[in-house]
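Asks: Below are the structure tokens for one structure; questions will follow.
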Amino acid sequence: MRRGGIAAALGLVALAVFAALPARAGTPSGVTEIAAAFAGPPAAGETRVLFIGNSFTREHDLPELVKGIAAREGVRLRPAMMVRDGAHLAQHAAAPEVARLVADPGWEVLVLQDHSVAALTPESAAASRAAAARLAGLTAARLVLFATWPRAPGHALYAEPGMPDTPARMNARVAAHYAGLAEALGARVAGVGDAFLAVGARASGPGLHATDGYHASPEGARLAASVLAAAILAPPLVPRAERAALSPAPAQPARSIAAR
């Protein structure tokens, strides 16, 4: 893959509106911090992954959890995240500094996470599709779509007019939205919502949601990271000839993670 100089391209860009909150662990976050962390050439065997999203990505530092899972499978990921609490992909796609960051050719994988309610109305779903297409069009990196989990049972969202009335129905809308995006963009979906429903239905221990019924608990974050890691480490869906800069990750680690 042709490597770009992230620091050279972004070093003078201000954080502006999209200044990310500090990472909970080691993942570089925000334009300035990412530019500094990725200034040099990649180490041998290193796969650079950029996460774009909001607090669902930032809480518990999901990129760092994904990195740890990959390391146990013998794959060296180096993640960064551009996040803002409550942000929709449309807000990220409209920010010039985010566009410049995504367009740097050094990224191997781009993970896109929209707001958890983005798929629930026709207007927000259309904005989500347009934003994802814009961001995907800026990069030759392999695309992974982070299909978020539904709210916990009994959450107030389910009583709102026009909203789904159960976690299963919310997840169905979200899953269908990301499936359509994946088909249009040649992306792989990390079905985190599907995993939440499957595991939550038979779990007897700690729940997957935080006390707000919205964000993930530590257990939920670990489950989300496992699903994301499997999608990131899986073989690319788009042929190398169509994404000349792509460096495929090994297939076996993804299979072993999914099996477990």
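The values are calculated or read from the model by the stated rules, or taken from the named source; none is laboratory data. Just so you know, these numbers come straight off a predicted model, no measurement behind them. Quick reminder, even Gly has a Cβ in these numbers, built from the backbone with ideal geometry, and neighbours come from all protein chains shown.
Asks: Which residue out of Gln91, Gln113 is at pLDDT 95 or above, among the polar types (S, T, N, Q) and surrounded by fewer than 19 Cβ atoms within 10 Å (Cβ to Cβ)?
Replies: None of the other options fit; the residue is Gln91.
Asks: Given the options Ala195, Ala184, name the one that is assigned to a helix (DSSP H, G or I), closer than 19 Å to Leu233 by Cα and of a type in the set (A, V, I, L, M).
Replies: Ala195
Asks: Given the structure, is Ala230 more than 26 Å from Pro122 (Cα to Cα), modelled with pLDDT of 75 or more and under 15 Å from the mean Cα position of the chain (by Cα)?
Replies: yes
Asks: A further question follows. Could you pull out the residue among Arg134, Arg129 that is over 14 Å from Val174 (Cα atoms), modelled with pLDDT of 95 or more and of a type in the set (Lys, Arg)?
Replies: Result of the check over Arg134, Arg129: Arg134.
Asks: Say whether the condition of being closer than 24 Å to Gly220 by Cβ and touching a His at 6+ places or on another chain (Cβ under 7 Å) is met by at least one residue in region 91-110.
Replies: Taking every residue of region 91-110 in turn, none turns out to be closer than 24 Å to Gly220 by Cβ and touching a His at 6+ places or on another chain (Cβ under 7 Å).
Asks: Could you please let me know if Val174 is buried (at least 22 other Cβ atoms within 10 Å of the Cβ) and part of a helix (DSSP H, G or I)?
Replies: Working: buried (at least 22 other Cβ atoms within 10 Å of the Cβ): yes; part of a helix (DSSP H, G or I): yes.
So Val174 passes the test.
Asks: Right, next: Looking at the structure I just gave you, is Val66 within 30 Å of Ala176 (Cα to Cα) and outside any helix (DSSP H, G or I)?
Replies: no
Asks: Would you mind stating whether Gly191 is touching a strand residue (DSSP E or B) at 6+ places or on another chain (Cβ under 9 Å) and modelled with pLDDT under 95? Reasoning before the result, please.
Replies: Values: touching a strand residue (DSSP E or B) at 6+ places or on another chain (Cβ under 9 Å): yes; modelled with pLDDT under 95: no.
In short, no.
Yes/no matrix, rows are residues, columns are (1) at pLDDT below 90; (2) more than 23 Å from Ile232 (Cα to Cα):
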| site | (1), (2) |
| --- | --- |
| Gly4 | yes, no |
| Val13 | yes, yes |
| Val17 | yes, yes |
| Thr47 | no, no |
| Pro63 | no, no |
| Val66 | no, no |
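Asks: Look through Thr148, Thr166 and report the one residue that is touching a helix residue (DSSP H, G or I) at 6+ places or on another chain (Cβ under 8 Å), among the polar types (S, T, N, Q) and farther than 18 Å from Leu112 by Cβ.
Replies: Thr166
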